[in-house]
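A.B. asks: Have a look at this one before I ask anything.
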Amino acid sequence: MSELPNCVQCNSTYTYEDRGLFVCPECGHEWSAADAADDDALNIRDANGNPLQDGDTVTVIKDLKVKGSSLVVKVGTKAKNIRLVEGDHDIDCKIDGIGAMKLKSEFVKKA
Ligand SMILES: [Zn+2]
């Protein structure tokens, strides 16, 4: 038997499958396997709580030291065409004058 996911709404373990939908008998929530897969997508938000996507342009909201160098990414610096990655530093980007670096989403906002 395949393992059923817990309810995405109330985390109940009593979910069952019905006509391609997962159903929770406790709170009545129904969702599709496709929805469940969406939850695995990177859910990365900027400092204001706006969702970020690959290709977005973000602005740095605080001076950030570049690890292993004396460079500082200044407040207001823009990073274009970001790429979201998993991890502590969840944004891959290139910054003019500095090059490729990783940022934390909590220190940027969507431009
Ligand atoms: Zn539920």
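The values are calculated or read from the model by the stated rules, or taken from the named source; none is laboratory data. If you're wondering where the values come from, they're calculated on a predicted model, not measured in any experiment. As a convention, Cβ positions derive from the backbone with ideal geometry for all residues, glycine included, and neighbour counts pool all protein chains shown. Just the protein is used for accessible areas: all its heavy atoms, side chains included, with ligands, DNA and RNA removed. Shrake-Rupley method; radii C 1.70, N 1.55, O 1.52, S 1.80 Å.
A.B. asks: For the condition within 11 Å of VAL108 (Cα to Cα), among the polar types (S, T, N, Q) and either in contact (Cβ under 8 Å) with a residue 12 or more places away in the chain or touching a helix residue (DSSP H, G or I) at 6+ places or on another chain (Cβ under 7 Å) (or both), what is the one hit in ASN81, ASN50? Spell out how you get there, then give the answer.
C.D. replies: Details: ASN81 fails: within 11 Å of VAL108 (Cα to Cα).
Sole residue among the options that is within 11 Å of VAL108 (Cα to Cα), among the polar types (S, T, N, Q) and either in contact (Cβ under 8 Å) with a residue 12 or more places away in the chain or touching a helix residue (DSSP H, G or I) at 6+ places or on another chain (Cβ under 7 Å) (or both): ASN50.
A.B. asks: If you don't mind, there's one more thing I want to ask. Considering only segment 43-62, I want to know if a residue exists there that is loosely packed, with under 11 Cβ neighbours inside 10 Å and either in contact with a Cys (Cβ under 6 Å, 6 or more places away or on another chain) or outside any loop (DSSP other than H, G, I, E, B) (or both).
C.D. replies: No, segment 43-62 contains no residue that is loosely packed, with under 11 Cβ neighbours inside 10 Å and either in contact with a Cys (Cβ under 6 Å, 6 or more places away or on another chain) or outside any loop (DSSP other than H, G, I, E, B) (or both).
A.B. asks: Return a yes/no flag: does segment 18-41 have any residue that is more than 16 Å from the ligand (Cβ to nearest atom) and surrounded by 13 or more Cβ atoms within 10 Å (Cβ to Cβ).
C.D. replies: Checking segment 18-41: not a single residue is more than 16 Å from the ligand (Cβ to nearest atom) and surrounded by 13 or more Cβ atoms within 10 Å (Cβ to Cβ).
A.B. asks: Could you check segment 47-81 and list, in sequence order, the residues that are touching a Gly at 6+ places or on another chain (Cβ under 7 Å) and within 12 Å of MET101 (Cα to Cα)?
C.D. replies: none
A.B. asks: While we're looking at this one, here's another question. Restricting attention to segment 1-17, and to residues there that are exposed (fewer than 13 other Cβ atoms within 10 Å of the Cβ) and more than 10 Å from the ligand (Cβ to nearest atom), which single residue is nearest to ALA34 (Cα to Cα)?
C.D. replies: So, considering only residues that are exposed (fewer than 13 other Cβ atoms within 10 Å of the Cβ) and more than 10 Å from the ligand (Cβ to nearest atom), the one nearest to ALA34 (Cα to Cα) is GLU17.
A.B. asks: Let me ask something additional. Please specify each residue of segment 95-111 satisfying the condition of being free of Cβ contacts under 8 Å to residues at least 40 places away in the same chain, of a type in the set (D, E, K, R) and surrounded by 13 or more Cβ atoms within 10 Å (Cβ to Cβ). Working first, answer last.
C.D. replies: Step one: list which residues in segment 95-111 are free of Cβ contacts under 8 Å to residues at least 40 places away in the same chain, which gives 95-102, 104.
Checking which are of a type in the set (D, E, K, R) leaves us with 96, 102, 104.
Scanning segment 95-111 gives LYS102, LYS104.
A.B. asks: Here's something else I'd like to know. Would you confirm whether any residue within segment 63-70 is more than 20 Å from the chain's Cα centre (by Cα), surrounded by fewer than 13 Cβ atoms within 10 Å (Cβ to Cβ), among the hydroxyl-bearing types (Ser, Thr, Tyr) and assigned to a loop (DSSP other than H, G, I, E, B)?
C.D. replies: Within segment 63-70 (the criterion being more than 20 Å from the chain's Cα centre (by Cα), surrounded by fewer than 13 Cβ atoms within 10 Å (Cβ to Cβ), among the hydroxyl-bearing types (Ser, Thr, Tyr) and assigned to a loop (DSSP other than H, G, I, E, B)), the answer is yes, since at least one residue qualifies.
A.B. asks: Does any residue of segment 76-94 turn out to be more than 20 Å from ILE44 (Cα to Cα), at pLDDT below 95 and open to solvent by 70 Å² or more (accessible area, probe 1.4 Å)?
C.D. replies: Checked against the condition, which is being more than 20 Å from ILE44 (Cα to Cα), at pLDDT below 95 and open to solvent by 70 Å² or more (accessible area, probe 1.4 Å), segment 76-94 yields no hits at all.
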